[in-house]
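Before any comments, here is the structure.
The values are calculated or read from the model by the stated rules, or taken from the named source; none is laboratory data. Everything quoted here is computed from the prediction, not taken from an experiment. Cβ placement follows ideal geometry from the backbone for every residue including glycine, while neighbour counts extend to all protein chains displayed.
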């Protein structure tokens, strides 16, 4: 997936993803309230989901050379992981 990228571009994309996930994690902390995981927790979940989404897109055979497919897979992985973990936390808090 990233074998054709120069290292500088790859590291720049990682830094941009971390910064973007921090801001989105901060916004999600305000939206989710007590169901959320805090700013840093939301950020780490979003980053992990981002890379899981890109990995799954690569494994399933999607054409990840196209940026719109890669960005879509990353966003689905990020917000999907945050959704699943927030639902699990909500369910465990009710028990």
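General observations
- The number of residues in region 72-81 that are surrounded by fewer than 15 Cβ atoms within 10 Å (Cβ to Cβ) and either touching a strand residue (DSSP E or B) at 6+ places or on another chain (Cβ under 7 Å) or at pLDDT 95 or above (or both) comes to 1.
- Just one residue in the set 84, 64 is at pLDDT below 95 and either surrounded by 16 or more Cβ atoms within 10 Å (Cβ to Cβ) or over 18 Å from residue 13 (Cβ atoms) (or both); that residue is 64.
- Residue that is nearest to residue 72 (Cα to Cα) [pool: residues in region 33-43 that are free of Cβ contacts under 8 Å to residues at least 40 places away in the same chain and surrounded by 15 or more Cβ atoms within 10 Å (Cβ to Cβ)]: 43
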